[in-house]
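Structure, as structure tokens:
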Amino acid sequence: MAAAPVLQSRGYEKLVLQVGRGALKPALCSSPALAVEAFRFKDSLAEDLGRADLVISHAGAGSCLETLEKRKPIIVVTNEKLMNNHQLELAKQLHRDGHVLCCNCSTLVETLQSMDLSTLKPFPPGQPEKFALFLDKKKKILNRCISRPSAIFTRKLNVHRGILQLKNKGYTHRHIEQ
């Protein structure tokens, strides 16, 4: 575990690992200066996140957003071997926006050595009521489109970043929310 000495030199005293259900079990190399614990699965990571001074995570949306909502600094480690790598897209965008540090497995130690957590920007809190209103408006638009016999939208409905796209055979309707 090449990261352990770097974490120790940066003043971290405890490393908690979620190792999942895989066959690999990490060698726990605790020392008097850095205690290492591991677990496979917990119903909730809220308590662990609450105690964390730093989170190192894969780039799954749930993991990233839960950590950012807790206002914890996070290093997002991307898996470049995934097909249709939505995790990489999310990690890069959160990094461009200044909310996370981003690396891959081979650059994690270097990222730990050079990290400056003070440069990370707080993630803005979610606004579920605005999203609900947005969906209500889009549902009305969709209902109007579907109610017209000539417009049957059966293929795809995408809501992404305030853009609603309805697609059918060769026709695309885009509505951009301001």
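Coordinate-derived values only; no laboratory data. None of the values given here were measured: they were computed from a predicted structure. Neighbour counts run over all protein chains shown; Cβ positions are idealised from the backbone, glycine included.
Numbers at a glance
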| quantity | calculated |
| --- | --- |
| Qualifying GluC sites (Glu not before Pro) in region 47-115, DSSP loop, other Cβ atoms within 10 Å at most 14 | Glu80 |
| Residues of type aspartates and glutamates that Lys121 reaches as a straight line, Cα spacing below 13 Å, ignoring anything fewer than 8 places off in the same chain | Glu69, Asp97 |
| Neighbour-limited loop hits for trypsin sites (Lys or Arg not before Pro), region 74-117 (at most 11 other Cβ within 10 Å; DSSP other than H, G, I, E, B) | Lys81 |
| Options Ser118, Ser44, Val100, ranked by Cα towards positive dipole end of region 15-119, top entry (Cβ charges) | Ser44 |
| Partners for Lys14 among aspartates and glutamates (Cα-Cα distance below 12 Å; same-chain residues under 8 apart left out) | Glu37, Asp48, Asp53 |
| Under-5 Å amide H pairs with His58, H placed in peptide plane, nonlocal only | Val77 |
